[in-house]
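Student: I have a structure I would like to understand better, so I am pasting it below and will then ask my questions one at a time.
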Amino acid sequence: MKATGAGTVKIAEFKARLSHYLRTVRAGHALTVMDRQTPIARLTPVGMEYAGMLARKATKKPSEVKLPPPLKKKVDSLKWLLQDRNSGR
């Protein structure tokens, strides 16, 4: 059984050639393990765990962000907060 494409491998092939695939990951390549057509695991080199989840740099300063308009209803937020705390929830 061969790998199913670039960066993917079926379970049986992965088990049979575990050392080979671990060397591939160690060399910097990510690998997806497939159960038939379903991805079940993703192996990435140490240090790449969050590479795809990095936040982008801010485009505006906080002082440049426009706040939404205030509510048009009169609300006593302290009253509601104290009522909620005293309700014993």
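The values are calculated or read from the model by the stated rules, or taken from the named source; none is laboratory data. Computed from a predicted structure; not experimentally measured. Every residue, glycine as well, gets a Cβ built from its backbone with ideal geometry; the counts of neighbours run over all protein chains shown.
Student: Just to check your reading of the model, which residue among Gly88, Gly47 is under 23 Å from the mean Cα position of the chain (by Cα), modelled with pLDDT under 85 and either assigned to a loop (DSSP other than H, G, I, E, B) or β-branched (Val, Ile, Thr) (or both)?
Tutor: Values: Gly88 fails: under 23 Å from the mean Cα position of the chain (by Cα).
After applying the criteria, what remains is Gly47.
Student: Could you check, for segment 2-20, whether at least one of its residues is modelled with pLDDT of 90 or more, surrounded by 10 or more Cβ atoms within 10 Å (Cβ to Cβ), touching a Ser or Thr at 6+ places or on another chain (Cβ under 8 Å) and of a type in the set (S, T, N, Q)?
Tutor: yes
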